[in-house]
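This report concerns only the one structure given below.
The values are calculated or read from the model by the stated rules, or taken from the named source; none is laboratory data. As the structure is a computational prediction, the values presented were derived from the model and not from experiment. FYI the Cβ positions are ideal-geometry reconstructions off the backbone, even for glycines, and counts take in every protein chain you see. Protein only, heavy atoms only, side chains kept; ligands, DNA and RNA dropped before computing areas. Shrake-Rupley method; radii C 1.70, N 1.55, O 1.52, S 1.80 Å.
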Amino acid sequence: MILRKKWAVMVAALTAILLLAACGDKGKAEQPTGEESTYDNPRNHTAEDFMPISEGFEEYSVWIETAESPVRDSNVNKVFVFNKGKVTVYQLEDTTIEDIHDLSDDELVQLASEYTNKTLDELADTINNIAISETINEKHGGVVEDIYLEFEGGERSTLSSNYTLDITMDELGQNTKDISLHIPEASYQLSSHEVTEYEASGFTGAFFDYYTYTTDPNYNHTLETYSRPLEILETYGTFKEKDGHEMTDPPHPQTYVPDPIVWETTDEEITLEGNVVHQKIFDTTFSGIKTSNRGLFTRVDDSFVGFRLDNPDTDKENVTIEGK
């Protein structure tokens with residue numbers, strides 16, 4: 001009888017210990033891991049938890065263009081600064097997420113601004129050093145006086161443009177398929193861009209061909225033989241009497257005067273798709289939305305901030321539906 005009582009007491013004690021252990025394990029299992037506590041998966045949220053991208057551009061001013069699934073070594077190509085319905089676009093190159101993740105917004109914008117201005121200054125310097133007659137003189141021993149492209153771009157002001165978000169409806173005409181971010185006068189380029197450093201050889205080649213066709217006695221000097229290079233030259237300059245050369249038919253190559261190269265602006269258009277991206281790199285959380293070939297992101301705090309495309313019922317002046 002005594003043994004039975006002792007056995008009953010032991011069983012009760014063991015049962016209590018096991019229950020306490022189970023409760024302890026359950027408590028541990030419910031504790032979030034370090035990763036879960038700092039990353040809030042977008043899949044845990046409904047559509048109502050996501051901010052329309054039109055509001056996102058109003059709430060968060062500085063955005064970057066980078067890979068659609070960014071990692072620490074993803075290149076940052078552009079920086080967009082949104083402010084009161086306007087946006088300024090800056091260029092970047094040879095800059096990664098790791099380079100900028102801990103910069104302040106002001107530091108990032110300063111970096112991008114300096115790079116953009118440096119690139120444009122170098123482009124202008126390159127134009128000033130292009131002699132379209134160089135190839136002729138190299139091959140024919142300085143038979144013409146050098147004719148240089150002339151840069152007259154003047155001062156550049158910072159571009160800040162009103163932007164629009166244009167919704168494209170899906171096949172059923174009920175929901176948003178994608179949104180086009182349209183930025184007029186987004187960035188500078190040089191006029192007569194075919195003669196920039198990227199295509200200068202094509203322009204100088206046209207001048208070389210024209211010189212050859214009009215001065216080499218082995219060519220039949222008819223319009224058909226030199227019409228194409230003449231068309232290119234007259235698109236970006238004129239023939240004028242100068243340096244003792246009178247106007248002839250066809251005009252002598254030495255009488256060619258290229259148009260001054262000036263700054264022009266070009267528009268930018270980015271297609272925003274519906275894929276949500278939320279990524280933590282080092283200690284910085286990037287949230288954004290996929291574009292047609294890359295991604296547009298802003299830096300947010302650790303609490304969940306996600307973005308989605310605007311619905312067709314969005315009531316904002318700069319949001320249109322298929323151009324209307």
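Selection within region 274-283: residues that are outside any loop (DSSP other than H, G, I, E, B) and modelled with pLDDT under 95. The member of this set that is farthest from Lys177 (Cα to Cα) is Lys280.
Per the listing Thr214, Thr176, Thr204, the residue uniquely surrounded by 12 or more Cβ atoms within 10 Å (Cβ to Cβ), under 25 Å from Leu123 (Cβ atoms) and hydroxyl-bearing (Ser, Thr, Tyr) is Thr204.
Only one of the numbered conditions (1) part of a strand (DSSP E or B); (2) at pLDDT below 95; (3) of a type outside the set (Asp, Glu); (4) closer than 30 Å to Asp121 by Cα is not met by Asn293, and that is (1).
Do we find a residue being touching a helix residue (DSSP H, G or I) at 6+ places or on another chain (Cβ under 8 Å), open to solvent by 20 Å² or more (accessible area, probe 1.4 Å), among the charged types (D, E, K, R) and under 19 Å from Trp63 (Cβ atoms) anywhere in region 259-276? No, region 259-276 contains no residue that is touching a helix residue (DSSP H, G or I) at 6+ places or on another chain (Cβ under 8 Å), open to solvent by 20 Å² or more (accessible area, probe 1.4 Å), among the charged types (D, E, K, R) and under 19 Å from Trp63 (Cβ atoms).
Considering region 116-142, the residues that are of a type in the set (A, V, I, L, M, F, W, C) and in contact with a strand residue (DSSP E or B) (Cβ under 8 Å, 6 or more places away or on another chain) include one that is modelled with the lowest pLDDT, namely Ile127. In region 296-316, of all residues being of a type in the set (Ser, Thr, Tyr) and open to solvent by less than 50 Å² (accessible area, probe 1.4 Å), the one that is modelled with the lowest pLDDT corresponds to Thr314.
Residues in region 229-258 that are farther than 28 Å from Glu122 by Cα, part of a strand (DSSP E or B) and either of a type in the set (Val, Ile, Thr) or open to solvent by less than 50 Å² (accessible area, probe 1.4 Å) (or both): Phe239 alone. Could you go through region 124-147 and let me know if any residue there is closer than 18 Å to Asp267 by Cα and not hydrophobic (A, V, I, L, M, F, W, C). The answer is no, given that none of the residues of region 124-147 is closer than 18 Å to Asp267 by Cα and not hydrophobic (A, V, I, L, M, F, W, C). Given the structure, is Tyr226 buried (at least 19 other Cβ atoms within 10 Å of the Cβ), in a helix (DSSP H, G or I) and at pLDDT below 90? Considered against the rule, which asks whether it is buried (at least 19 other Cβ atoms within 10 Å of the Cβ), in a helix (DSSP H, G or I) and at pLDDT below 90, Tyr226 comes out as yes.
When restricted to residues that are under 30 Å from Ala206 (Cβ atoms) and open to solvent by 50 Å² or more (accessible area, probe 1.4 Å), region 143-173 contains 8. For the residues Ser133, Ser104, Ser69, the requirement of being small (Gly, Ala, Ser), over 16 Å from Leu296 (Cα atoms) and out of contact with any helix residue (DSSP H, G or I) (no Cβ under 7 Å at 6 or more places or on another chain) singles out Ser104.
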